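Read through the structure below, which is laid out as structure tokens, and then see the notes.
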């Protein structure tokens, strides 16, 4: 069995779309009849971005895990993600988890 798609509630669709397209190669977006934005990514996985009217309360263990093609890239990626997180810090401690 393979994972086909994930659905996430987001408060800023444009920012979320840019994040997933820029970092993970999602593209070819399509708006569904119910208003959800579908992004299609590598490996035939889709990401559904649905609207959240307010910041959701998320459990502290919520996370995504990824592998790197080149482990030597980890310091650069960690630094870039830290800069991104600093830009989101004014949104709340778990808001970055919803983008």
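No lab work stands behind these numbers, since they all come straight from the coordinates. The model shown is predicted, which means the values in this text are computed figures rather than measured ones. We place every Cβ from the backbone using ideal geometry, glycine too, and count neighbours over all the protein chains shown.
Using Cβ counts within 10 Å as a stand-in for footprinting exposure, how do 1, 32, 38 rank, fewest first?
With the fewest neighbours first, 1, 32, 38 line up as 1, 32, 38.
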Note to self: Please report the antiparallel percentage of the DSSP beta bridges confined to the chain, to the nearest 5.
What the structure shows: 55
Check: Build a GNM of the chain with springs between Cα atoms under 10 Å: which of 68, 37, 58 gets the top mean-square fluctuation?
Finding: 68
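Based solely on its DSSP helices, what 222 nm [θ] is calculated for the chain when runs of n ≥ 4 H residues each add -39,500 (n - 2.57) and the sum is averaged over all residues, nearest 500 deg cm²/dmol?
After summing the helix terms and dividing by the residues of the chain, the value is -8500 deg cm²/dmol.
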Notebook entry, point to check: If you build a Gaussian network model of the chain, linking Cα atoms that sit under 10 Å apart, which residue out of 35, 25, 43 swings the most?
Noted result: 43
Item checked: Gaussian network model of the chain, springs between alpha carbon atoms under 10 Å - residue of 47, 39, 62 with greatest fluctuation -> 62
